[in-house]
Each structure stands twice: as structure tokens, then as C-alpha cells.
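Presented below is the structure to which this report refers.
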Amino acid sequence: MRDLSISVYFARAVLKNAVDRGLDPISLLRKHRISPRLMLESNARISIERFADLQVSTMQAMGDESLGYGCRPLPIGCWAMMCHAVIGSETLGQALSRYCRFYQLFEVGVDPVLEEDGDLARVFLQYQGKNPDAKPYLHELLLFNTHRFASWLVQEHLPVQVVELESAAQAPALDYRHMFLGNPIRFDQPRSQLLLSRGLLEKRVVQNEASLRHFLRHPALIMLTQDYKVNSWSSQVRNLVRRQLREVPELNDVAATLGVHPQTLRRRLASEGTTFKDIKNQVRRDTALHFLGKQGLSIEEISHRAGFSESSAFIRAFKGWTGVTPYTYRKGL
């Protein structure tokens, strides 16, 4: 399992409508060993595994796959039925067409629509009715699911020319870049949509009924953590750093491993909205969060596994990442 974390904003968004549905958000958090205190910290993060479990658990408790954001509940089982409707498609274009048509059958407030325009293709969200009620997380969730599911179908992190969202950023922009695999994001746009090259619609669907059965065991987690052979530069760098955390490599070493000049690697990372230093810090942070959830590991050992030679430096860095010390974070689990 990859050691990843996610902004607490996304956990808050998952739980936003829980009380209105008669649920106790604190119980849902504790069920998955997420400290309720973290919900109050603006820059806190939680492990990706716990977030995925929280999302699924909350949907099931609500009986609503739209997490209370739709005009009416989206019954549990819709996602699985959509997958079965799509899995026989030959091309990505055919799959996305079926995907959009499936969700247009349900009145949740917005419909995904596939449109081809010259060399471009777009999946945009179209409002149902005359009085649209923009709900930022519903748009984020629908576009995230569309992108990650399409990537799974063709076993490749699909490059998107741009992700556009109607709303302002609800979390740090870098967190959105991570959610959309390093692709460019624009906020406060006329409509929410994914823009991609039309040629991608010709890609062959490589999944089948057998692989779908495995996928449906935990689609939320698989979509959040799946790696493919074709990865972005930031993803390749992240994987190399993660494998060598005890002796953290420098940029020149990573560039040599990838077979490019260091300056070329810097430019390619910059084009994806990140730097080598940012990636190194993210991997250290995510590794620390992962191991803090394990029993029997001391803070000193976790510090070492996260690539720090001194526990004091690790504690300072961790507080900068999450707003709390590793001791406080662990106590809240």
C-alpha cells in the first residue's frame, strides 16, 4: 500500500451532511481511528486508507452515494451497477458515454455530459432544472470519480489538459493538484469540467468482468491509490524518494535514475506545479502519518523511517505539516 495522506478538508466535506441525516460524525471518525480534533486543524492531514474507509462508511450509513449533496439520495449500489453497465465498452469514449448516460438517469442536481469539440473532448457538469444550487464538493467528487475511473479503465493516469471548477478553492490548491494527479486546475470558472485530448477517447478499455470484481471490493481506495505504468514526473519522483527514505536521495541522483538532466527534471516538475523539495516533504509527511497509525513503533523509529536523523527535527517538521506534535496526533487516534 502506498503511504499517502489527504487534506482534512476532504474528510470534513464527506461528513458535512451527516448530522442532517441523523448520524454522529464523531462516531464515524472514531470508527476509523481518525481523531475528531483533527477536523479543527486547517492544515491537518489523514491517511488515505482511513479517508477511503470513512467515505464508504458514511455513504453506507446515509444510504446515499452522493453523501447528501444531491437533490435526492443516490441509492447504494448505483456505482456498482454503473461499472457493470460500462465494463463491456471497447473504447474509453464509449465507456464515458455510457458512464454519463447512466448518471443522467438519476436526479441528483447535476448531470455529467460528454462532448466532443474539434481536437478536444470534455466531461462537464450540467445543471438539472432552472435554479442551480452549486455544491463545490459534489462537483469535485463527480469529476474526481470520472477521472480516476477512466484512468482505471485504460490502466493509465489519463493526462487532462485542465480541470475547471465553478467554485473557489475550498482547500490549498496543491491538494487539488494531488487529487487530480498533477493536472492543471482552474477555479471560479463558468462551469465544472474536465478537458482532454479527443484522441484519448480511442484508447482501448483493458479491464473486464474479472478485474471489475476485484475493483468493486473497495473502489474508493483503489481509485485513490492505484499506480500504473504510465505516470507523471512528480509521481515517478515520489516513488523513487519513497523507496529510499532512510537515505533520502538528492535531485541529481533522482534525475540520473530517471535518465534526464537535473534542470530538465526541475522544469518538468514545475510544469506539474511542484518541486523536488515539496515532493520530499510530502513523502516524509505521508510516511509519518502512515506509521503513526501503527501500534508498537516509537516516535524515534517513525522519525527514522520518515528520513530524519534527529527526532527533534521530525517533531518540528510534523507540527508544521499538521499543526500538532506527533505525540498529540497519536493520542487522538
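Laboratory data are not the source of any read-out in this text; all were calculated from the coordinates shown. Remember, predicted model here, so these are calculated numbers, not experimental data. Quick reminder, even Gly has a Cβ in these numbers, built from the backbone with ideal geometry, and neighbours come from all protein chains shown.
Observations
- Distance (nanometres) between label positions extended 7 Å along Cα→Cβ at C71 and R316: 5.6
- Charge dipole (debye, nearest 20) of the chain; +1 at Cβ of Lys and Arg, -1 at Cβ of Asp and Glu: 920
- Options M81, G320, L195, ranked by Cα towards positive dipole end of the chain, top entry (Cβ charges): G320
- Net charge, V254 excluded, C-beta distance under 13 Å - Lys, Arg +1, Asp, Glu -1: +4
- Across the options P136, A18, L96, the greatest Cα extent toward the positive end of the charge dipole of the stretch 1-146 (unit charges at beta carbon of Lys, Arg, Asp, Glu) belongs to A18.
- Value of [θ]222 nm, deg cm²/dmol, for the chain, DSSP H segments ≥ 4, -39500 (n - 2.57) each, nearest 500: -14500 deg cm²/dmol
- Of interest is the spacing of the C-alpha centroids, which for the stretch 306-333 and the stretch 192-253 amounts to 28 Å.
- Under 12 Å, Cβ to Cβ, from K319 - net charge with Lys/Arg +1 and Asp/Glu -1: +1
- Net charge of Cβ neighbours under 14 Å - reference M59; Lys, Arg +1; Asp, Glu -1: 0
- Full extension of the chain between D253 and S211 gives 11.4 nm of extra length, using 0.36 nm per residue less the Cα-Cα distance.
- The angle separating the long axis of helix 262-271 from the principal Cα axis of greatest extent in the chain is about 40 degrees.
- Cross-linked pairs K31/K280; K16/K331; K294/K319; K280/K319; K280/K331: Cα-Cα separations exceed 28 Å for K31/K280.
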